[in-house]
Amino acid sequence: MTTTTVATPNDYKSDLKPIWCPGCGDYGVVQAIYRALAAVGRPPHEVAFVSGIGCSSRIPGYTTTYGFNTVHGRALPIAQGIKLARPELLVLVAGGDGDGFSIGGGHVPHAVRRNIDLTYVVMDNQIYGLTKGQLSPTSPRGLKTVSSAYGSVEDPVNPLMYVLGYGARFVAQGTPADLSGLASLIEAGLRYPGFAFINVQSPCITYGQPEAQLKAHKAAMKRLEPMGHDVTDRLAAMRLAAEYGEALYTGVFYRDPNPSPTYDAELVERRRAFGTLDRARALDRFVPH
Ligand SMILES: Cc1ncc(C[n+]2csc(CCOP(=O)(O)OP(=O)(O)O)c2C)c(N)n1
Ligand code: SF4
């Protein structure tokens, strides 16, 4: 059974002190997550927070929810399993751009097309932070790093286009330079009935580029809402997403106005129809049929 209670952001803050570098954008992301969870109001024991490996993937430990800092690139499969076994939980997934779009990139299309009710927050800093500054899949062409002395000769992955192309039903982008805007986007993702993707431009102060820092974000960000962008227009969202790396748009790019039933909800219905739901409940686990 799920309950809704009055909660404050502090209710989601654990005693563990973050060990991110001072000034890392991920501090703002965790604050935005506290606010978003409090706004949604599900108590911490009804939330499962799953991450991969990376600086950003430390994030579940800084919350009072159930948490699982899993394996590099495997947050999405594990989160999908949790949601299918315990559909009543609110499941939040987070990690870096390397975790999500390099080693874990093959899982993203399947999470999108299955439309399991998860909220996936990627802290996109265009670098591998934890392993000390190598090229990541979203690093811009020409970037010099410890692994690209002559500058990157690859085009970056465009995370927004990637998920929109596979048919994602909720796609947004934020930055901790606008904390309340970011909290609202994460809240909207958590409330969205289906797979929701939020790309967060979260600066790496130690290995990131100067133009990808909070001060630069404040100057460069363009909010989609006042621009009159129609969030129900997927092609308009794709045109804006194509400017990833050039323009910093923040807000909801796309929100399907007629969300289709989620995989997890369909599964519960089918288990009910096949008469396996009560048995699964009694065992407190998913029983495949
Ligand atoms: C299977 C496996 N391969 C490689 C690594 C090494 N590794 C740890 S974190 C990481 C990338 C971190 O970058 P990102 O996911 O973007 O997160 P960030 O640290 O920037 O937040 C890598 C390559 C690992 N832990 N496991
Ligand atoms: S290395 Fe970069 S991403 Fe990692 S904690 Fe430091 S600033 Fe953040």
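Below, the figures for the structure above:
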read-out: Pairwise label distance in nanometres, Ala242 with Thr8, each label 7 Å out on the Cα-Cβ vector; value: 4.9 nm
read-out: The chain: angle of helix 263-274 to the longest principal axis, Cα-based, in degrees nearest 10; value: 20 degrees
read-out: Crossing angle, helix 179-191 versus the chain [Cα axis fit, 0-90 degrees, rounded to tens]; value: 30 degrees
read-out: Top of Ser147, Ser139, Ser202 by mean-square fluctuation, Gaussian network on the chain, Cα under 10 Å; value: Ser147
read-out: Relative packing of peptides 72-79, 175-182 - highest average C-beta neighbours within 10 Å first; value: 72-79, 175-182
read-out: Label point at Asp15 placed 7 Å out along Cα→Cβ; residues across the stretch 31-73 whose backbone nitrogen lies under 15 Å; value: 62-65
read-out: Added length on full extension, which subtracts the Cα-Cα distance from 0.36 nm per residue, Val71 to Glu154; value: 27.3 nm
read-out: Total charge dipole magnitude, the stretch 9-258, about the Cα centre, Cβ charges on Lys, Arg, Asp, Glu only, Debye to nearest 20; value: 200 debye
read-out: Rounded to 10°, Cα long-axis angle of helix 26-40 versus longest principal axis of the chain; value: 30 degrees
read-out: Among Val71, Ser180, Gly25 - extreme Cα towards positive end, dipole of the stretch 9-258, charges at beta-carbon; value: Val71
read-out: Derived scalar couplings ³J(HN,Hα) [the stretch 93-104; Karplus, 6.51 cos²θ - 1.76 cosθ + 1.60; whole Hz; x for Gly, Pro]; value: 10, 8, x, x, 6, x, 4, x, 10, 9, 4, x
read-out: Amide H within-cut-off set for Gly133, under 5 Å, with H built and near neighbours excluded; value: Tyr128
read-out: Gain in span if fully extended, Leu235 to Gln134, counting 0.36 nm per residue against the direct Cα distance; value: 33.0 nm
read-out: Amide H within-cut-off set for Lys144, under 5 Å, with H built and near neighbours excluded; value: Ser152
read-out: Fraction of beta bridges assigned by DSSP in the chain that are antiparallel (%, nearest 5); value: 20 percent
read-out: Part-to-part distance (alpha-carbon centres) for the stretch 170-227 and the stretch 45-72, which is given in Å; value: 19 Å
read-out: Candidate lysines - alpha carbon under 25 Å from Lys144, same-chain residues fewer than 8 apart omitted; value: Lys132, Lys215, Lys218
read-out: Cβ-based charge dipole, the chain, positive-most Cα from Gly61, Val157, Tyr249; value: Gly61
read-out: Tensor-based shape of the stretch 9-258 (alpha-carbon gyration tensor, a/c under 1.5 rounded, otherwise prolate or oblate); value: rounded
read-out: Selected from Ser102, Ser260, Ser57 as most flexible by GNM, with the chain as the system and alpha-carbon contacts under 10 Å; value: Ser260
read-out: Segment Lys218-Val146, length gained on full extension (0.36 nm per residue, minus Cα span); value: 23.1 nm
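Bear in mind that the values in this text are calculations on the coordinates, not laboratory data. Computed from a predicted model, the values in this text were never measured in an experiment. In this analysis, Cβ positions are derived from the backbone assuming ideal geometry, glycine residues included, and neighbour counts consider all displayed protein chains.
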